[in-house]
Every structure is written in structure tokens, then in C-alpha cells.
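The next block holds one structure in the form of C-alpha cells; read it before the comments.
The values are calculated or read from the model by the stated rules, or taken from the named source; none is laboratory data. Please read all numbers here as calculations on a predicted model, not as lab measurements. No Cβ is skipped: glycine too gets one built from the backbone with ideal geometry, and neighbour counts run over all protein chains shown. When the accessible area is computed, the model is the full protein with side chains, heavy atoms only, and any ligands, DNA or RNA have been set aside. Shrake-Rupley method; radii C 1.70, N 1.55, O 1.52, S 1.80 Å.
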Amino acid sequence: MVTSNKARQKYGLPARSNFDGSSQKFEVLRPQRLAAPAKIYIEQFSAHPLEADAAELYGPPDGYLDKNGEFSETRRDDSDTPVYEVEISPDDGLYPLPYMARQADGSPWEDDCAFPGAPAEQSRQPYFPDGSRMFEEIDRLSIAENGTGNLVSACADMEFFRILPSSGYSKGLPANLRTDVGDGDIPPETLGHDYVVYRPRHLSVSPPRPALAIIANEAQRILDTGDYLGAIWTQGSPRIEETLYWLNIILDTALPVCGNAAQRPHGEISNDGPRNLVDSVEYITSRIWEDADGRNKAGMVVIQEQQVFSAREVQKGDARPGGYVATGGHGGLLGAVRGHNLLPILTYLPGAKHTWLSDVNRARIPSSVNGITFSGNEIVPTEIQVKDDEGNLIESAIPHVSIVKDGNYTAESFESGSDREVDTVAQIEDNLANNPLAGFVIEGQSPYGSMTNKPRERLLARAIHCGMPVVRVGRGNNEGFSSGDGGFIGGSNLTATKARLLLIACLLRFGALPPAADPDNPTDAETAAIEAKVAEYQNIFDTH
């Protein structure tokens, strides 16, 4: 929100100019609220260049303005301007108006921060604290193909929840000012704990691993109320693909959740976010996702640029509208939100298990599972509670799964051993010390996930004997299928990031692998026990 030239002129500040130094032709307008009613005059035939060409089809104006701006119901001179007389009111909602705010020292706002690199206490938050303002602006200012508005409220009632919001109330918020459906005051919120921000970039914070429990618990609680037909999850465009897949495998619900992101910020020219949100509302209310029993047959989806992507396959490929792609090479684009007064359509359905069908959803995860810990000189099983008494996932129990990438020419030498793979050695040791539920995803060659760095492969095989499952996937957007052998789990055609989430869910469901007493020399019985446990994991990766 940049201080307008009207404000700069009013307060004696230098005008904001174009890049070449010339004066700006138009003000940038921001949606804002009126503080009091105001009477305005709108020039007749100014909504479209060819309105006057069909003047005979129009009724008369309300009156005329002379060159001094005085209004009369009759025309008194040929130079008088025909106008409509309108009273606008605060009750009307938002109006696009010049942004008049300045900084506390009187200087204009030029960016989110008071100055480049400013600390949080001298920076503004550009993102909304919940979805209510976004949807209000869509309803108020967005226009449908037939010229109508209220694109959301005309077909759905919305309620808003703050799960890992991208902005927060650093000074708190009284209950009477809340826009979501919660009760009570919001106490002062802390950056990096109560909310995470994308901008300003030097203050940005990403949700940590325990946030996966928060997402699952809160989304399940909301959908379980029975008050909703479905839900929309909004998030930054690089993150949405992972969160929706997590919801796809972890939620026990027959309702749909649509993921939406924006490749262009809200308010920017040709911004895509509002249309994506409206399309998700249309998708949910159309009920095309229902099977004969009213249950969601399509799983969780990401809807971008009128395309309906399966959460399992969707991936951001580029930072532009239309930049989302279907990974895996075997489908993933389920249908379209067609517009032009046509209903959404599903042309394919996912074959992988999801939501209420998922074998690793929240309802099927036990209260506790076996983990591993290093005690003395031994790796021993230890019971890990992963759900509390109310069935919620425990944040601190979310497993640690590392992604390791293999490439050609990565071994140190022809003679080097596993001890030179210091990053993987350190992670295995840290897992034994601090992460009782842990595993690895290795992104190997395409398509089978095979590794060229044999010392690292031997090290990961040792990790398996220590109780840590290891999934193999192909590199990048892999179109083939990775298989498992020698204790490794085949990750099918999942990307490494999606395989990581599925492995986290599997660890919550099945626990760690049974460790060998001597990971370097497992017995036949220990190997058989490991392979039996790996088979349970493999079944999930073959079907989800």
C-alpha cells in the first residue's frame, strides 16, 4: 500500500513519478471504507466508450452539472454535463479510493516496511489475518461474465478459521471485532509461533514440522462439526501442493477440501487468486465430487486456473498463472471449472486411496507406536505416544523424515567409504539421539530411484537396520515407478516431497522398523522381521 499522490500533494510531499521521471497519469486505488455518507455525481455514459452510441436506449440523467460544479435537474447550457446523482454510504461496503496514509514521521509509505530491512516493529503486515476480507473484496469488486457481482455470497455462506495464518494480531483483538467464528478475545500474537509470514521477505517464517499435527487436528475438528459442505485451504503457491496431499492422506472425512493459491498477489494486474477461490466455491457447491452415498470420491484437490488437480499429483512448475502441472506422467488432472455458465466437470477420478479411504488417516493411527532410541551401546525399541486422549496428533511426535538427493559423480573417489558421507552419517546419529520416529527419502535416478553413490546407499541400508525406513523415488517429476528391494521401499511415481509426507504418515501408523542388534551384521531373523515391516509400508506406497 503506497501513499497516493493526492496525499502527497495534500501534505506537501514530493509526488511519486513514473520510472522515466514523468508524472503518473492515474492514482492507484485501494479498497477502503467510507466513514460517512457522501453525495457524488457520475457522468452519464462514462462506463463504456460506446454507451453514448446507443443513447436512445437510455433513460434521462438525474440532472446536470455546470462548469462551476453546481447541480440542476434541468439543462441550462449546452456545456452542462449530464450526471447521475448518487449517495454512497459506509453500509455499501468497500470502495476503491486513493490511499491517504503516511508514516508516523510524515513520510510516505513506499513499501511494507518503514525503510528497507526494517525490523518487525517498524514493518506492516501485507497479508490478511483471515479469509473474510479477501472474500468481501471478491464479492464487492469482482465481476462475473454476465456483469453481476456477489460471486461468493450468492451461492454459499462462508465461515473463516485461522490455522497457521500468514499474519497476526501483535497487539491482540477484542472479540467484538473478530471476523472469524471463534469466541473471545485474541491475545497478543507472536510472529513465528502464532502466525507465519511470507513478506517482508527478511522477516519471513515457514511452519515447522510439528505444524503438520496442527493442520491435521484443526482441519479434522472443523470438518467433524457437520456444519459445512466442504472447505477451502489457502496458502502460498510453493506450499499448497504438500499441504493438500497431507490432508488427502491424513484426514478421515467424506467432505472435499480445495486448495487455492495465487501466482500473482491480490490486487495485482490479472491476479489469479480471486478466480481460483470462486472456482473452489463453485466446485464444492456443485457436488460433483459426491459418490452415490454422498461421500467425496475425488479426494482433496488443488484448483488453479480452472483446472482441478488431484492433490497427489499437483506440483508448482512455474511462478505464473497456469504454472501448475500434474506429476507422475499418469494423470492427475481430474477435470475443470468451466465458466461460461457451465457447471464444473470431473473427467477422471484418482485410483489412489484418500481421506476416508486412506489406511493412514488420523482415525487409523494408533495412540502409540514403537520408536527407536540409542541406549548405552544399543539401539532399543521405545514406545512413543503419537495421539493424545482426545485423538489429536501430538505435535512433538511428528516423525523426522529427511530427503537425500543422489546424482551422478557424487562419491568422493573410487575407494571412498560410507564414512565420507558426513551429512547422512550425522543425520542418522542425530535421529538415534533425538528422533525416535525417523526415516529417509532418497531421490535417485529416473525412474527406479536407483543410486550411483554406493557408499551412501550402503549407509542408508544401515539406517534401515537401525530402524529407519528408507523410500526410493526417481528424480524430479518422475514418470516411472520406483520399486523396493533390499529393505528399501519403492515410492511409486511420487515426488520426493510427497513421498516424505506419506512416510511421515506411515511412521505414525506403523512405527519404526525393528532394529538389528548389530546394524552392520543383521541376522537372518532380524532381516526377515525388517522385511515383514517394510511390506506394510510398501503396501501403503503402492495404494496411496
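Mean projected area of the convex hull spanned by the Cα atoms of the range 263-312, taken over all viewing directions: 3.8 nm². Residues of the range 68-108 with an amide N closer than 17 Å to a point placed 7 Å from the Cα of ASP62 along the Cα-to-Cβ direction: 69-75, 81-93.
With an 8 Å Cα cut-off and a minimum separation of 6 or more residues, compute the relative contact order for the chain in percent.
9 percent
Ordering ILE42, ILE88, TYR58 by the projection of their Cα atoms onto the charge dipole of the range 31-100, which places +1 on the Cβ of Lys and Arg and -1 on the Cβ of Asp and Glu, puts ILE88 at the extreme positive end. Using 0.36 nm per residue and subtracting the Cα-Cα separation, the extra length available between ARG364 and LEU29 on full extension is 115.5 nm. Entry comment: accessible area of the range 163-295 is 45 Å² per residue, from protein heavy atoms only and a probe of 1.4 Å. Taking all protein chains into account, the per residue accessible area for the range 1-52 stands at 78 Å² (1.4 Å probe). The residues of the range 349-501 have, on average, 44 Å² of accessible surface per residue, using a 1.4 Å probe with all protein chains present. Under the combined filter of DSSP loop state and at most 16 neighbouring Cβ atoms within 10 Å, the range 226-304 retains these GluC sites (Glu not before Pro): GLU268.
Determine the distance separating the Cα centre of the range 354-387 from the Cα centre of the range 65-139; give it in Å without decimals. Spelled out, the Cα-based centre of one part sits 55 Å from the other. A Cβ-based charge dipole, computed about the Cα centre of the range 397-525 with Lys and Arg at +1 and Asp and Glu at -1, lands at about 500 debye.
For Rg/Rh (Cα atoms, Kirkwood Rh), computed directly from the structure shown, the correct entry in (i) 1.07; (ii) 1.04; (iii) 1.11 is (i).
Peptide packing: for 463-476, 11-24, 96-109, 224-237, the average count of neighbouring Cβ atoms within 10 Å per residue gives the ranking 463-476, 224-237, 96-109, 11-24, highest mean first.
A simple spin-label model places the labels of SER170 and ALA535 5.8 nm from each other, with each point 7 Å out along Cα-to-Cβ. Each peptide in 299-306, 258-265, 373-380 receives the mean, over its residues, of other Cβ atoms within 10 Å, and ordering these scores from highest gives 299-306, 258-265, 373-380. With the convex hull of its Cα atoms as the shape, the range 379-446 has an orientation-averaged projected area of 6.7 nm². Taking amide H positions as modeled 1.01 Å from N, with prolines and chain starts lacking one, the residues under 5 Å from TRP109 and 5 or more places away or on another chain are THR3, GLN103. For the chain, the fraction of 1.4 Å probe accessible surface lying on carbon and sulfur atoms is 50 percent. Binning the C-alpha pair distances of the range 6-125 at 10 Å intervals from 0 yields a P(r) profile of 11, 25, 30, 21, 10, 3, 0 %, listed from the shortest bin outward.
Modelled label positions at GLU412 and ARG76, each set 7 Å beyond Cα in the direction of Cβ, lie 9.5 nm from each other.
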